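The structure under discussion appears below in the form of structure tokens.
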Amino acid sequence: MNRFALISFGLAAAVPAMAQRHPNIVLFMVDDMGWEDSSVPFWSQPVPNNGLYETPNMERLASQGMMFTQAYASSISSPSRCSLLTGANAARHRVTNWTLNRDESTDIPCDTLALPDWNYNGISPVGGVNNTFPCKTFVQILRENGYHTIHCGKAHFGAIGTPGEDPLRLGFDVNIAGHAGGGPASYLSEDNYGHAADGTPVSAFAIPGLEKYWDSGTFLTEALTQEALAALDTASAPFFLYMAHYAVHVPIDRDPRFFQKYLDKGMSEKEAAYAALIEGMDKSLGDLMDWLDARGLADDTVVIFMSDNGGYCTRTWWRDEPLYTQNYPLNSGKGSAYEGGIREPMIVRWPGVANPGSRCATPLIIEDFFPAILEIAGIRSWNVPQKVDGKSFVPLLRNPSRRPRHRFMVWNYPNIWGDPGPGIGPTCTIRMGDWKLIHYYADGHDELFNIAEDIGETVNLAAERPRTVKRLCRRLGRYLRKVDAQRPSLVRTGAPCPWPDEM
């Protein structure tokens, strides 16, 4: 068992006074929300989506805290959520695609590539379970240090029938509606959130534990919010709430509270339904903030807003729905190594630490949440079986202009999620400074972009900057081998696809 002390972008930092008092922490996680699917502009200028959607509570949170404009996650849900809880990069924990059924890969079959035997059973609090990543979550550490821990909404940490499917085994004292399913069968109470009249689940995506709301007219987002508030009413301090909404994941059901408003704006029915999903999520954020205000807890509570992957704007093999959003100015969307698949909206409100209305452009990644949340809680060291790759972003809350030298971020996706498209795997990717390199396992070609100058990744500079390509390929290849990452093999020869620095 290894012992890890706090790493804060390699910079020493005193613990803020509030952290020493063990503040309450609310992590508000949205599913599949694009970087600009909000009335809050995360770019240097507003984009069309900012004028379409109404998110007054995101505006409120941003005005009271710090926006992170280059926050990253994985391009698919399970890898992000497993990195969040473990602090390990997806290349290390190997939960590189979405999980569902025990011992079953969710990869799309491929005629030319043999995909690796990844950890399709998810993370696990115990060893001895095949195709899992044994770990201790930051939630377990919080609970050991006196926090009351609440999970509400989407889990998606482990496959059906494995220890990791149950949030109660991952450190949570309370679990509301969290299970192995990665999306809702239905947001509608008229559908019993995916159950037949006799209570039988119609699919693995049926939402458990919300029977009292069945056929009540209560949209799923609202039901989860009410359950979270009820759990907070009986929570002891300090508390950690992981408010993990199923919104805005498909299916794009109509939230009747907001749907008509967006139709009246001239949107199509699908676009209006998606916009209503977003505003319903935003109302939930506002309800939680109102609860904190009403009880005088706002100054003693850190609120963190994040999405688990990029906006869903690409067609996939399993659903042929009309497109209803886009991630402009970013390229592509969910499932892609391009910015549209991995760049997320992120806001942190920490009274007395993060300046109200401030912005930070320093890149960070989802595994950074593990050490950051523990630092916020005043926990300086921990014992965990896994290597923690994340670096705390707390120093950035006090000085957003910090740019850690030599920091690089890596994504490894040796899988196939959907139909081939822009930036869709199998790929491995590195971001270092303003440079981003995507390596395609199938044919070994590289794409190089300067993200500061070309946020839409429209100009591949690989041919013009061979030295930069070589340097990034070398760094990426060394890292992937160091963490024992996986890669596909060529069906034709049976040989593993070359690492980026072997081409």
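The values are calculated or read from the model by the stated rules, or taken from the named source; none is laboratory data. All values reported here derive from a predicted model rather than from experimental measurement. Backbone-built Cβ (ideal geometry, glycine too); neighbour counts: all protein chains shown.
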| Among (1) β-branched (Val, Ile, Thr); (2) crowded, with 22+ Cβ neighbours inside 10 Å; (3) under 26 Å from LEU297 (Cβ atoms), where does ILE365 come up short? | (3)
| request: Select from segment 198-234 the residues that are closer than 19 Å to GLY280 by Cα and of a type in the set (Gly, Ala, Ser) and write down the one among them that is surrounded by the fewest Cβ atoms within 10 Å (Cβ to Cβ). | output: GLY217
| Restricting the search to segment 226-259, which residues are over 19 Å from GLY34 (Cα atoms), out of contact with any helix residue (DSSP H, G or I) (no Cβ under 9 Å at 6 or more places or on another chain), part of a loop (DSSP other than H, G, I, E, B) and touching a residue at least 24 places away in the same chain (Cβ under 8 Å)? | ALA235, SER236
| message | Condition check: surrounded by fewer than 18 Cβ atoms within 10 Å (Cβ to Cβ), at positive phi and outside any helix (DSSP H, G or I). Does GLY171 satisfy that? | response | no
| said: Which residue is surrounded by the most Cβ atoms within 10 Å (Cβ to Cβ), if the candidates are limited to segment 101-132 and must be more than 19 Å from the chain's Cα centre (by Cα) and of a type in the set (Gly, Ala, Ser)? | reply: SER105
| For TYR262, which of the numbered conditions (1) modelled with pLDDT of 95 or more; (2) over 25 Å from GLY161 (Cα atoms); (3) out of contact with any helix residue (DSSP H, G or I) (no Cβ under 7 Å at 6 or more places or on another chain) fails to hold? | (3)
| remark: Quick count over segment 429-445, residues being of a type in the set (Ser, Thr, Tyr) and closer than 16 Å to ARG343 by Cβ, is 1
| said: Please determine whether any residue of segment 485-502 is exposed (fewer than 15 other Cβ atoms within 10 Å of the Cβ) and either assigned to a strand (DSSP E or B) or in contact with a Leu (Cβ under 9 Å, 6 or more places away or on another chain) (or both). | reply: yes
| task | Could you tell me whether any residue of segment 485-496 is touching an Asp or Glu at 6+ places or on another chain (Cβ under 9 Å), at negative phi and not charged (D, E, K, R)? | result | yes
| Test: TYR242 is of a type outside the set (A, V, I, L, M, F, W, C) and touching a Leu at 6+ places or on another chain (Cβ under 6 Å) | yes
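One line per residue, one yes/no per condition, for (1) of a type in the set (D, E, K, R); (2) at pLDDT below 95; (3) farther than 24 Å from HIS179 by Cβ:
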{"site": "ASP215", "(1), (2), (3)": "yes, no, no"}
{"site": "GLU222", "(1), (2), (3)": "yes, no, no"}
{"site": "LEU232", "(1), (2), (3)": "no, no, no"}
{"site": "ALA244", "(1), (2), (3)": "no, no, no"}
{"site": "HIS249", "(1), (2), (3)": "no, no, no"}
{"site": "GLU269", "(1), (2), (3)": "yes, yes, yes"}
{"site": "GLY296", "(1), (2), (3)": "no, no, yes"}
| said: So if I check each of PHE393, PHE408, which one is surrounded by 22 or more Cβ atoms within 10 Å (Cβ to Cβ) and out of contact with any His (no Cβ under 7 Å at 6 or more places or on another chain)? | reply: PHE393
| said: For the list (1) touching a helix residue (DSSP H, G or I) at 6+ places or on another chain (Cβ under 8 Å); (2) assigned to a loop (DSSP other than H, G, I, E, B); (3) under 23 Å from ALA247 (Cβ atoms); (4) in contact (Cβ under 8 Å) with a residue 24 or more places away in the chain, I need the number of the one condition that LEU85 fails. | reply: (2)
| request: Would you check which residues across segment 446-467 are surrounded by 12 or more Cβ atoms within 10 Å (Cβ to Cβ) and not aliphatic (A, V, I, L, M) and list them? | output: ASP446, GLU447, PHE449, ASN450, ASP454, GLY456, GLU457, ASN460, ARG465, PRO466
| field | Number of the exception - HIS195 against (1) surrounded by 17 or more Cβ atoms within 10 Å (Cβ to Cβ); (2) under 24 Å from the mean Cα position of the chain (by Cα) | value | (2)
| request: Mind listing whichever residues of segment 184-221 are in contact with a strand residue (DSSP E or B) (Cβ under 9 Å, 6 or more places away or on another chain), among the β-branched types (Val, Ile, Thr) and farther than 25 Å from GLU279 by Cβ? | output: VAL202
| task | Inspect all residues belonging to segment 124-145 and state whether any of them is assigned to a strand (DSSP E or B), in contact with a helix residue (DSSP H, G or I) (Cβ under 7 Å, 6 or more places away or on another chain) and either of a type outside the set (Phe, Trp, Tyr) or closer than 25 Å to GLU222 by Cα (or both). | result | yes
| said: For the structure I just gave you, tell me whether GLY146 is surrounded by fewer than 17 Cβ atoms within 10 Å (Cβ to Cβ) and touching a residue at least 12 places away in the same chain (Cβ under 8 Å). | reply: yes
| remark: The lone condition ASP255 fails out of (1) closer than 26 Å to VAL26 by Cβ; (2) among the acidic types (Asp, Glu); (3) more than 25 Å from the chain's Cα centre (by Cα) is (3)
| message | Checking the condition in contact with a helix residue (DSSP H, G or I) (Cβ under 7 Å, 6 or more places away or on another chain), modelled with pLDDT under 95 and under 17 Å from VAL348 (Cα atoms), which residue from ALA73, ALA13, ALA19 passes? | response | ALA19
